[in-house]
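Have a look at the structure below, then the notes.
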Amino acid sequence: MMSEFNDPFIVWRMIFMINFKKHKITKFCEIVLIVIFSLIHCLLLYYMFTNFSVNLLIRYGPTTLFGIFIIAVTIFSVALEKELSGGIDILDEICWPFNMIGKEAQLKLERKCRMRNMCTAFVVLIILTTIIVSYPCFGDQRDFFICIKVFEEYFGEWWSIPYYFYFITIPFFCYNYHKLCFTFVYAVLETELQFFLIEEYLLETFKMGYLKRWKYLENTQYQQELGKSLRFTIAHHNALKKMVKAIVNVTVNGMPLFLLLGFLLYISCFTFVINLADSMTNILKIRIFVCGASCVSVTVLLCWNGQQIIDVTNSIFSTLTGAPWYFWDVDNVKILLIFITNCTKNDSITMAGICLDYKLFASLLRISFSYALVLFNLRKSSLS
């Protein structure tokens, strides 16, 4: 009988999957915050449109786009809250515990989990640093946030009210933005871990004594136990493939919008640095650096997780093709062929030919930098 699954990623679940929305009043307040914050950004966009200039667009593009980004992700997170929590509940029901494999394999997986936790913690640290250094106690914000100028112009002496509201509510939206990101990360990490458990379980199942190999062919008990193990593994593998499909279905719903906004955010950050590097204050350099580092680290984490789905499903296929099937009876060989057929196509998060993997990250940086150079030349020509 299986023991309880000891979740190695429980910390991220506790931080990013706390359900605060248990009461109607809480949901109402959340919707009100989204509406007010959205109206503020509509005002910021209106100001930029009516006072349009290349310099204004370059200087305040990153923070304005990031504000739009976190609003979109928060709305998406609220709209799909039931689907997200339902997917995590399904994962809880199907997880294998670590004692399904041997001690040596357990230690290897635990090392992998520790490494993944360290990488995720590093990303969270960068995100927290970005939020902290953006606050006024670390220096003037006028060169980075257009909202101060807009509030002063439209609200007069009352400008401090929307100003404090804006910066007090930003952590709420940042949390919801990263909550969605890390819910995806958590689900992929857990699914990847279960695929690793299948791989190690298969490797241990395929092991046999070198001198007794051909004797196993006539050993009825061994063949029955092998068939039982293969069917058991296929059932778990099918459940994980359904989980991956559920992750893909939720992800592709927001993928077009998030890719577009992320692409524009990268362009604006590159453009900001290229055009204003010589005139930036030290605090502004720090802010744009940590902002860029935060965007890059989150993108790398998401693309890395998408790549892991591809790699781990391919690893299962490689493990199956290395099975010692010539020592098995006909029924077990048929089961193996069915298993291999289920693994011939690697799972991936793909939409309209765009796959969430390492290549996407490289393409995103390359194209964004190219457009940033176009904007740099445009500003240069407008000044000459």
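Every number in this text was worked out from the coordinates using simple rules, so none of it is lab data. Everything quoted here is computed from the prediction, not taken from an experiment. In this analysis, Cβ positions are derived from the backbone assuming ideal geometry, glycine residues included, and neighbour counts consider all displayed protein chains.
Just tell me which lysines come within less than 20 Å, Cα to Cα, of Lys112; anything on the same chain fewer than 8 places away is out.
Partners found: Lys103.
Can you give the direction-averaged projected area of the convex hull of the alpha-carbon atoms in region 10-383, in nm²? Intermediate results must be reported in sequence, preceding the final value.
Details: hull surface 89.8 nm².
Averaged projected area of region 10-383's Cα convex hull equals 22.5 nm².
Measure nothing but the geometry: give the 0 to 90° angle between the long axis through the Cα atoms of 54-79 and the longest principal axis through the Cα atoms of the chain, rounded to 10°.
50 degrees
Under a 5 Å amide H to amide H cut-off, with H placed in plane at 1.01 Å, what residues pair with Cys355 once short-range neighbours are removed?
Distant-sequence amide H within range of Cys355: zero hits.
Among the aspartates and glutamates, which have Cα under 16 Å from the Cα of Lys334 when same-chain residues fewer than 8 positions away are ignored?
Counting by Cα, and skipping residues close in sequence, Lys334 has these aspartates and glutamates nearby: Glu225.
Lys242: which aspartates and glutamates have alpha carbons under 15 Å from its alpha carbon, excluding same-chain residues fewer than 8 sequence positions away?
List returned: Glu83, Asp89, Asp92, Glu93, Glu190, Glu192, Asp347.
So for region 10-383, taking the charge dipole from beta-carbon charges (+1 Lys/Arg, -1 Asp/Glu), which of Val188, Ile131, Gln308 sits furthest toward the positive end?
Gln308
Kirkwood hydrodynamic radius (Cα pairs, Å) of region 258-384?
Details: mean 1/r = 0.0551 Å⁻¹.
Computed over region 258-384, the radius equals 18.1 Å.
Starting at the first residue of region 305-316, write each ³J(HN,Hα) from the Karplus equation 6.51 cos²θ - 1.76 cosθ + 1.60 with θ = phi - 60°, in whole Hz, x for Gly and Pro.
5, x, 5, 5, 4, 5, 5, 6, 6, 5, 5, 4
Among 292-298, 336-342, how do they line up from the highest to the lowest mean number of other beta-carbon atoms within 10 Å? Before the final figure, lay out the partial values.
On the way: 292-298: 18.4, 336-342: 14.9.
In decreasing order of mean packing, 292-298, 336-342 become 292-298, 336-342.
What do you get for the angle between helix 160-206 and the principal long axis of the chain? Use alpha-carbon atoms, 0 to 90 degrees, nearest ten.
Approximately 20 degrees, to the nearest ten.
Average the reciprocal distances over every distinct pair of alpha-carbons in region 114-206, invert the result, and give the Kirkwood radius in Å.
Working: mean 1/r = 0.0595 Å⁻¹.
One over the average 1/r among Cα pairs gives 16.8 Å for region 114-206.
Taking a threshold of 25 Å on the Cα-Cα distance, which of the pairs Lys241/Lys359; Lys179/Lys345; Lys285/Lys359; Lys82/Lys245; Lys149/Lys285; Lys82/Lys345 fall above it? List each step's numbers first, then the result.
On the way: Lys241/Lys359 23 Å; Lys179/Lys345 30 Å; Lys285/Lys359 29 Å; Lys82/Lys245 17 Å; Lys149/Lys285 20 Å; Lys82/Lys345 29 Å.
Long pairs (Cα-Cα over 25 Å): Lys179/Lys345; Lys285/Lys359; Lys82/Lys345.
In percent, how large is the relative contact order of the chain, given Cα pairs closer than 8 Å and 6 or more residues apart?
Working: 319 pairs, mean separation 96.2, N = 384.
Once normalised by length, the contact order is 25 percent.
Given a Förster distance of 25 angstrom, what is the FRET efficiency for Val374 paired with Lys149, based on the Cβ-Cβ distance and rounded to 0.05?
Details: r = 26 Å, r/R0 = 1.06.
Computed FRET efficiency for Val374 and Lys149: 0.40.
Subtracting the Cα-Cα distance from 0.36 nm times the residue separation, let me have the gained length for Tyr358 to Cys29 in nm, one decimal. Intermediate results must be reported in sequence, preceding the final value.
Details: separation 329, 0.36 × 329 = 118.44 nm, distance 3.88 nm.
My answer for the length gained is 114.6 nm.
Taking neighbour Cβ counts within 10 Å as the exposure measure, how do Cys119, Cys147 sort from fewest upward?
On the way: Cys119 15, Cys147 24.
The order, fewest Cβ neighbours first, is Cys119, Cys147.
Testing the spin-label approximation: label points 7 Å from Cα along Cα→Cβ at Leu260 and Ile36. State their distance in nm.
Once both label points are built, they end up 2.9 nm from each other.
When the Karplus curve 6.51 cos²θ - 1.76 cosθ + 1.60 is applied with θ = phi - 60°, which whole-Hz ³J(HN,Hα) does each residue of region 34-46 get, with x for Gly and Pro?
Each residue of region 34-46 in turn: 5, 5, 5, 5, 5, 5, 4, 6, 5, 5, 4, 5, 4 Hz.
Could you give the dipole magnitude of the chain about its Cα centre, charging the beta-carbon of Lys and Arg +1 and that of Asp and Glu -1, in debye to the nearest 20? Write out the running numbers ahead of the final one.
Working: 33 positive and 28 negative charges, 80 e Å.
Around 380 debye, computed over the chain.
Quick one: net charge of Val124's neighbours, Cβ under 13 Å, K/R +1, D/E -1? Spell out each step's value before the answer.
Values: positive: Arg116, Lys179; negative: none.
Charge balance in the 13 Å sphere: +2.
Apply 1/(1 + (r/R0)^6) to the Cβ-Cβ distance of Asn346 and Lys82, taking R0 = 45 Å, and write down the FRET efficiency to the nearest 0.05. List each step's numbers first, then the result.
On the way: r = 29 Å, r/R0 = 0.65.
So the FRET efficiency works out to roughly 0.95.
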